[in-house]
Every structure is written in C-alpha cells, then in structure tokens.
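We did not get these values from a lab; they are worked out from the coordinates using the rules stated. This one's a predicted model, so the numbers in the text were calculated from it and none came from an experiment. All Cβ positions, glycine included, derive from the backbone under ideal geometry; neighbour counts span all protein chains shown.
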Amino acid sequence: MTFGYLLTLLVNGLVIGAFYALLAMGLSLIFGVLEIVNFAHGEFYMLGALAALLAINYLHLGYWTTIVTVTLAGACVGWLFHRALLGGLAGHSFERSLLLTLGLGMVLQNGALYIFTATPQIVRTQFGMSSILLVDVRLTWVRLFALVWAAVGLIGLYLLLYRTRIGQAMRAVAENREAALIVGIRPERVARLAVMAGIALCFMSGAALAPVYVVTPTMGLIFAFKSFAIVVIGGFGSIGGAALAALSLGVIEALVGGTMSLVLADAVAFVAMILVLLFRPLGLFGTGVRI
Amino acid sequence: MRFGALLVGIAALYALPLCGLSEYWMTVAVTACAFAVLSQGLNLVYGYGGLLSLAQVTFWGLGAYAAALLAMELGWSPWATLPVAGLVAVLAGLGVGYASLRLSRHSFAIVSLVLALLVQLVARDWQSLTRGPLGIPGLPTLRIGDVEFASAARFYWPMLSFALVALAVIWRVMRSRIGRLLLAIRQNEALAGSHGIDALAHRLLAIGLSALLSGVAGGLFAFKLTIVDPSVLDFYYTESMLIMVIIGGPGSFWGVTIAAVVFTVVPELLRLSSELRMVLYGAVLVGAMMVMPAGFGGLVVRYREKRWRARLA
Amino acid sequence: MRCVLPCLLTMLLAGTAAAEEPIRIGASEPMTGTAAVFGEQAKWGIELALSEINAAGGVLGRKLELVVEDNRCNPAEAAKAVTKLIDENKVVTVIGALCSSATLATMPLIARAQIPLVVTNSTAASIAQLSGIGGNPWVFKTNPADDTMAQALVEHLKKEGVKTLAYMAEDTDYGRGGVQGFAEAAAKAGIKSLPPEVFPQGTPDFSVLLAKIEAQKPDRIVGYFLRGDNDNIMRQVEAMQLKIPFTGRIDLHSAAMAMSPEYLKAGGLDHTTAINPYQPDWDDPKNLAFVEKFKKATGHAPLQMGLYEYEATYVLVEAIKRAGSTDPKALQAALKLTKYPSILGATIEFDDHNCAHNNALIQSIEGGVIKVIELSKT
C-alpha cells in the first residue's frame, strides 16, 4: 500500500464525496424548507448532464460557458418545478409529495430512455483527456475542474445560507417551521429559492461530471440513492450534517473499495443508513423531529 | 340480491378458462389476480393505515424466493412452502413496521424503501443464498395428485381461488372494527391514542396481513414461472401497484380491485413500449397527486356525499 | 355464363390467398430496458435474413413473416411474450430470448407447446445442460458457451507468457459466470488469478477499482461487462493512462470508439486481446459483404446478435425446407440434421445437447487497429 495509492484513493473519494454533498445538501434543503422528499433529485442531475451533452456536443459551446449556462438553466427549471408542482403541496401531505416527485422522476427517466436510449453518450470537451500528475496522482483536467466546481457549489451554498438574509430565513424554516412563520418569514419566497438552489446544484453536478463519466438516462439512480442515504444519515433538515456525511461517505467508500471490494463499498451507505435508523433515527446531526 | 350478483360474478370468473381464451390472455388473468392481491394489501396499509409502503413488492419477492429455496434446497412440496413463504414476508413486514413506527409514519415510508433496496441487493449479491443474478431456475410446478397446474389456464384456478380468499379476508378486515380503528388512527393519531387505541398494534396487524398475503402470492407465482430471479423485486411492480391504489382510490376496496384489473389488462392491449408506459404511469401519478389524490374511489365518495347532502337539504 | 368468370376469379383468388398465408416466425427479445440495443440488433438480423429469403421466393411457396415480442430481459415478461407468440400469433418456431433468465423461463413453455426454440445469445451454462439429451428436446443453441471461449483465449494468453490475471466483471450472471469460467480455465493452464472485482451495473466512478487493479500489477485485466459500462470504463482507463492490456470478452469496437484516436495510435489499448462470438471488424471477404449489407439495411454495424440471429434464421428456414412442412415435430427432426456453413468458418451442427460449436474470433488491437488473429474452435 504505497503512499501514492492511498493518496489516489483519498483524492478520488473527496471528488465523489463533494458531488454527493452537492446533491445531498440540495435534497436536505428542499426537505427542510418544504417538508418534501424530492424523489426526482437524481433525474435532475441526469438532466444537467444531458444539457451539458447537448451544449458541448451539438451546440459546440465551450466548457466554462456550458457549466455556467446549465447551472442557470437548473435554477430556472427549479423555479418552474416549484411553481408548477410543489407550491400547493408544501407542508401538506408527505405522501402526496413523495408520490408526485416519484411520478415526475419516472416521467423524466423513462422519457429520456425513450428519446435517447440506454446507449451511453460521451461528452468530449476541448480539454480532451489531457491530464496532470499531482504528487503521484494522475487527474484529467476535467476531473480537476469538476472538483473546482464542486467547491464553488459548496462555497456558494454556504454563502447563501449563512451570509444572506434569505439564507437565514431558509435555515430558520428548516429548523422550526411554525416559529419561522410566526416571526413573519414568507414561506413562498423562501421555498422557491430553496428549490431553485437545490435543482441548480443538481444541474451543475450533472454538467461537471458529464465529461468525466458517460451520460445515460439512468445515471441519476445511484447518485439519488446515495444522496438519500446521506440525508438519512446526516439527519433530515440538517444541511451541514448532509455535507459532512457526504464527504465522509465518499472517502470511506473509496478506502473500502480500494482495500476490500467494491460491492462492500456500496454496502457502506446501506449499513450506515440502517444503523442510524435503528440507533439514532433522527440522524447523526438531526435537528427537529421532522419525519 | 347483491350477494347473488357476487356469486354469479365469481362463477363467471371461474368459468373464464372454459371460454376458449388463449394461453396468453390466461397469463394476463393470472397476473391480474396477483396484482389484485398486492394492491389490496397496499390499499389496506396505505388507504386504511395511512402508511405509504414501498416494500409491498419486497414481501412478494421474499415469498417467491423463500418458496423457491425451500422447494429446491430442502425438497419441500410446493404447497408446503407457501405458508412459510408468507411467514417470512410477515416477519420482514413486522420488523420494518416495528423499527419505524416507533418514530412516525413518515419514517415507515423511508424504511420500507430501504428494505426494498436492501433485499434487491441481497438477491443480486448474496450468491450463496439466492444464486445471484441468474436466480433459481427449474422450480417444480404445483400438482394435486395427477393434475399438474403448469399451463396458465390450469394455474388460473388455484391463483383465482387464493385471490378470492385473500380479497375476502381484506374486505372483511376493512369492514370490521379493525378497519374503522385504522381509519381513525390515520385521521388523527393523537386523538385515537387518547381514546386508548393502540395505534402501533393495529398498524402492525395491517402490515402483517398485507405482507402475509403478498408473500403467499409471490410463492404461488414462483411455481407458475418456474424461475425466480432478482427481477421479481423490480421497482416496476411498485410503480404499477401505486398507480392501481392511487387511481382506484386509497381506502376504496372496489376502486382498487377494478383498477388492478384495468391496469393489468389495458397495458397489454395498448402495446406501448415499456418506457412510454412508465412515462404514462409517472404522468398519471403526478396528475393524480395534483388534482385527484383520492382517486376514483374518492370521487365516488364525494359524489355520494353530494347526493346525500342534496337529499337532506 | 355471366357468373362463371367472376366465380372462377374468386376461386382463384381464394386459392392463392390460402396458399399465400405467410409462415410466422416468432422472436422473443428485449426490445426495451438495458438490453434493448441487443434486442434491436437481433430483430435487424432476422429481418435482413427474411427479406433476402422472401426476395428469393420464400420457402415451400410461402413467404415468411416475423413477429417480435418484447420480453424486457426478465422471466415474467418472457413467459408472457412466448405465450403470446405461440397462442395469439401462431408462430411455427421461436427465436430468443437473449437474456439467460428469460430463456430459462421460456424453455419449459415451448416444451409444453412442443415448438422448437432456437437460442442464439444466452450464455448461462445451465441452458446447454438443460437442452437436448436428458433435457428439453425442443431447444437448440447456436452460440458458443462462454467457458469454451475462455479456454481458447487462455491458451492464447499462455503462449503470450501471461502469468497473472486481474478480473473486472459486472454484477450479473453474464459477468460473474464469465469470470468464473475464465478463472477455471486459467487455473488449468497454470495462470494465477487475482480475486475478481465485481461492480454493479451503472457504477459511475471506476477510478478506485482501476487504481486497485493497477496497484496489484497483473499482466492482463479480464473484462466481462456490457456496453453500458464498457464505454465509461474505457474512458476512465484512458484518463488514468492505465497501461495494463485487457482481455476476456471485450467489445473492442466500442472500446476503441470510446477512447480518443491519439491515445489509441500512441498504443493505448495495445496487446489487448479479446474473444467474442463475433465482431464486425474482421476483414474476411464474406464478413465484409455481410457487414456491408447489414449497414445498408439498418445504418449500423452488426454486433454478435445481428449475425447470429441472421444465421439462425437461415438455419430455421433450411430446416423447414428439409422437413417439407411446418409441422413442429418434423421441424425438430430436421433441425437436428442441420449443417449450415457459418460466415465464421465452421459448420453449424447440433451435438447431443442440441448445441452448435461455431468458431469464435480472437482479436487484438494495435495502434488503434483491430485485427483478427485467430479463428478458434469452441
């Protein structure tokens, strides 16, 4: 077990952990503010990747333009999502929102399958496969940039939540909905922005990872499941908890996969989720008794 | 009068294979029976119990695997495996129910999903137990004496008989005190508790019964297909069941029964590609949640209420 | 007098109409879902063969018609698909069902209906065991088994001086079964096998797995994974500049397309050898002609399914001709006497277990150019 190998595992674990974090935090934010579990979260990630595919392969936009555009497109889609579907459901029946987002996920995934088929699509950016050797670890530029974008997303979300008034309002609603309403926070506006932020993060993650992996209509499934597990482990409504759990999961999965087996690595999320549900059902950093 | 109509209906159902329907349509009929049992079980747990269960297909799959393993590994007769298949499913259901209902009914939905995914993982990866992705082929068929229930037309009779019994049991529970108590708990758990009603026990009963019937149905179906593989746990079944219960109307026995048959038969008639079918189901789910969350059963109830009020006014 | 001509005409038309009722061939294939690409190839292969045969006048004076049912690569749908084909569409024979579990569910049903089934792509070893002598006499299999192909490739690797093998397999019966067969063949040849790395289909990130394999320094990586993961893996192999050659059942054609041309020319996949029942990049003249007409008809190069279903259709039609009728029992007997010369160079004949032993292609890739190095008996 050389140092280089260990470093490779750590770096790869962090990259994937960062994206788990972006998705899980978005999911947690939407749940915290709207009490809605977004079962279509993975599909939004897939849509972001599809958008990047169209932009780079067909519209021939550059890499940087694409990511920025797709992220903004994600915010718009989030606005539409909230306006058209979620607005009426906030705070209402948990089951109704679950089924609605489940149905939406089915439409998006199978629609994409029908239109694009399951054949994987490759996104070739202007950077191609050129890579750089950093202390024994070889990273392609696109993978490095993806890490940069993940950091941008995390910092952006942090700034939004902790340095703006509306972010403060979001945290307030996530912590205690009734009290926030009493204090005069307008839930509609807060909810809309929360959804826009969450979906924008999904789109950005999809776009950033599209050139690193391949684009298929079912690529959202694994990410959706992992983000879901992370939110359960971190605690519903705890956004910081989701970030921490996500990064840890990414690194632990890489270490387990690199030293034991990949199947065991996948089971880590499961086992952690079940342990948390049995012994600390509110999550490791859980805030209110939300679910 | 209504009982007479029911008897005639049942007789007609039994006579179905004699009408000269092809083996293909008999297969569809067998599937409809299975879905009727599964979706009524979900109806009991969700429509009456208020618990959204995403593990209904898991109980069905556990029953199928249990029956298959007992028949192949221990050489049990298929009939003997069925009660055990049901029992395995019940244990899983009670486990999930007890673990999550201590918290809230929302966590039941989450935990049921986790169970569903976990069992899928085990079915695929715990090779020594479940034979992995290829599954367990070569299962024996059901027999009574010399009669082998191998073809769909023949298998229809045991399947229909089981389905009728299962539906009757569920109907009876729904109409009984237990059913009413479940509805009370669903509407206001705190209030029901203050009256001394044990919410947990009643909900566990509903989950257990639903799991039992689904498990036995799964076992039966295994001996029809003669092969059990991880696809028996596919999310496709959950999606279909949800549609049947939502459109039929959660809490409406006849609504869900009719929806189960309709949504088994109509997709076969339409011959849509399975992706388009899923898009349609998804769109229907979204639409129903927006405008018709109580399904057709709910519409019927609202219509009846309106007429009742009109008569009183 | 006035009615004679119309009457004669009607009788003539009725007569020809009856004689012209087409012979229906059924295909149970995964037309949707993850294996849809293969199902589509299968359909194209059969359609190409039928269009040629019909253009030449059909068989026994009748034209042939194809009915395809989607079995979605799972046993429950496969059971429905085959009963629909037999009962509703009255097919005389079924080709399919591609996915092994679907085929296994189909086999008892066609035994009960007493209609021949021609399997062209399923790889599970149990299918061969359950067919022919002592098993299901109505099932005929034309594709070679994965374990015999593995043996052929292992011999080749031994000659190349390979000492250690790593394994990467998708978490399906194809992946796990393939790797197991290969490891057994390797053990017999005295080649050391590292424990296999199994991954679930659709895994996004392979960097950890590839780094792990790289650290163990094997001579070759044996791969058993399908298109969905193949492209992703090859891209990440290029990203890491992993220099260890692959082997096993790699789809070289798609692998080469997933990598950048510069990397291939610089020797990216060099020394990778793969064995497959068929790959389109083979410069045998008969193959080139076949690939040409397949591309013209469908716009795509043929994959294994395309060729095998094409030849299976010809095998079936010849059997119908030999039997002189479409009676299932006669057809079954005629199938046993098949001696069809395959494009792959061997003759398709059925052994005791109703299995054929066609040639497989061992290919290598050097500087981005795929070559067939050997036709191997299976």
Inter-label distance, nm, simple model (7 Å from Cα along the C-beta direction), A:ILE252/C:SER51 = 5.6 nm
Tell me, how many Å apart are the Cα centres for segment A:120-145 and for segment B:118-142?
-> 40 Å
Along each of the three principal axes of the Cα atoms of segment C:128-242, give the extent in whole Å, ordering the values from largest to smallest.
-> 50, 33, 19
Find the relative contact order for chain A and round it to a whole percent, using C-alpha pairs within less than 8 Å whose residues are 6+ positions apart.
-> 38 percent
Once the Cα gyration tensor of segment B:245-309 is found, what semi-axes does its equivalent ellipsoid get, as square roots of 5 times the eigenvalues, in whole Å, sorted largest first?
-> 26, 14, 8
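What's the extension gain from B:SER128 to B:ARG172 if we count 0.36 nm per residue and subtract their Cα-Cα distance? Kindly include the intermediate steps, with their values, before the conclusion.
Numbers: separation 44, 0.36 × 44 = 15.84 nm, distance 4.11 nm.
Roughly 11.7 nm would be gained on extension.
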For A:THR125, what is the net charge nearby, where nearby means another residue's Cβ is under 13 Å from its Cβ and Lys, Arg count +1, Asp, Glu -1?
-> +3
Checked segment A:150-270 against the a/c 1.5 cut and the a/b vs b/c comparison, axes a ≥ b ≥ c from its Cα gyration tensor; verdict prolate
Over all pairs of distinct alpha carbons, what does the Kirkwood formula give as the hydrodynamic radius of the protein assembly as shown, in Å?
-> 30.0 Å
Non-local residues with an amide H under 5 Å from the amide H of B:LEU142, with H modelled 1.01 Å from N and Pro and chain starts lacking one, are B:PHE149
Take every residue in peptide B:283-291, count the Cβ atoms of other chains within 10 Å of its Cβ, and give the average of those counts.
-> 6
Which one of A:ALA150, A:ALA246, A:TYR20 has its Cα pushed farthest toward the positive end of the charge dipole of chain A, where Lys and Arg give +1 and Asp and Glu give -1 at the Cβ?
-> A:ALA150
Provide the FRET efficiency to the nearest 0.05 for the C:ALA289-B:MET290 pair, computing r from the beta carbons and using R0 = 60 Å.
-> 0.55
Under a 5 Å amide H to amide H cut-off, with H placed in plane at 1.01 Å, what residues pair with C:VAL139 once short-range neighbours are removed?
-> C:LEU117, C:GLY132
Taking placed amide H atoms and a strict 5 Å upper bound, the residues 5 or more places from C:HIS357 or on another chain that come that close are C:GLU349
Helix by helix, which DSSP H runs in chain B go 27 Å or more along their axis at the Cα atoms and have an average Kyte-Doolittle hydropathy of 1.0 or more?
-> B:23-42, B:78-101, B:105-125, B:152-175, B:199-225
Net lengthening on full extension, C:GLN241/C:ALA266 (0.36 nm per residue, minus Cα-Cα) | 7.9 nm
What base-10 log of the normalised intensity I(q)/I(0) is obtained for chain B from the Debye formula, alpha carbons as equal point scatterers, at q = 0.07, 0.09, 0.10, 0.12 Å⁻¹?
-> -0.28, -0.46, -0.57, -0.83
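So what's the convex hull volume per residue for the Cα atoms of chain A, in Å³?
Once divided by residue count, the hull of chain A is 128 Å³.
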As a Kirkwood estimate from alpha-carbon pairs, segment B:173-313 has a hydrodynamic radius in angstrom of 17.7 Å
Estimate the FRET efficiency between B:LEU269 and B:TYR14 by the formula 1/(1 + (r/R0)^6), using the beta-carbon distance for r and 22 Å for R0, to the nearest 0.05.
-> 0.40
Over chain C, the sum of -39500 (n - 2.57) across DSSP H runs of at least four, divided by residue number and rounded to 500 deg cm²/dmol, gives at 222 nm -14000 deg cm²/dmol
Given charges of +1 on the Cβ of Lys and Arg and -1 on the Cβ of Asp and Glu, with all other atoms neutral, how large is the dipole of segment C:184-264 about its Cα centre, in debye to the nearest 20?
-> 300 debye
FRET efficiency for C:LYS63 and C:VAL372, Cβ-Cβ distance as r, R0 = 30 Å, nearest 0.05?
-> 0.25
Counting pairs of alpha carbon atoms under 8 Å apart in space and at least six apart in sequence, what relative contact order in percent does chain B give?
-> 31 percent
Distance between segment C:179-215 and segment A:9-53 - C-alpha centres, whole angstrom = 30 Å
Rounding to the nearest 20 debye, state how big the charge dipole of chain C is about its Cα centre with +1 on each Lys and Arg Cβ and -1 on each Asp and Glu Cβ.
-> 640 debye
Calculate the spin-label point distance for B:GLU73 paired with B:ARG302, positioning each point 7 Å from the Cα along the beta-carbon direction, and give it in nanometres.
-> 5.1 nm
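Under unit Cβ charges (Lys, Arg +1; Asp, Glu -1), what dipole magnitude, rounded to 20 debye, does the protein assembly as shown have relative to its Cα centre?
Around 2980 debye, computed over the protein assembly as shown.
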B:SER161: net charge of surrounding residues, Cβ under 15 Å, Lys/Arg +1, Asp/Glu -1, itself excluded?
-> +2
Within chain A, which complete DSSP H helices have Cα atoms spanning at least 18 Å along the helix axis and a mean Kyte-Doolittle hydropathy of 0.5 or higher?
-> A:3-34, A:41-53, A:63-81, A:94-116, A:141-163, A:187-209, A:220-234, A:239-259, A:262-279
Leading residue at positive end of dipole, chain B (Cβ point charges), from B:SER176, B:MET159, B:ALA67 = B:SER176
Which net charge results when you count Lys and Arg as +1 and Asp and Glu as -1 among the other residues whose beta-carbon is under 13 Å from that of C:LEU98?
-> -4
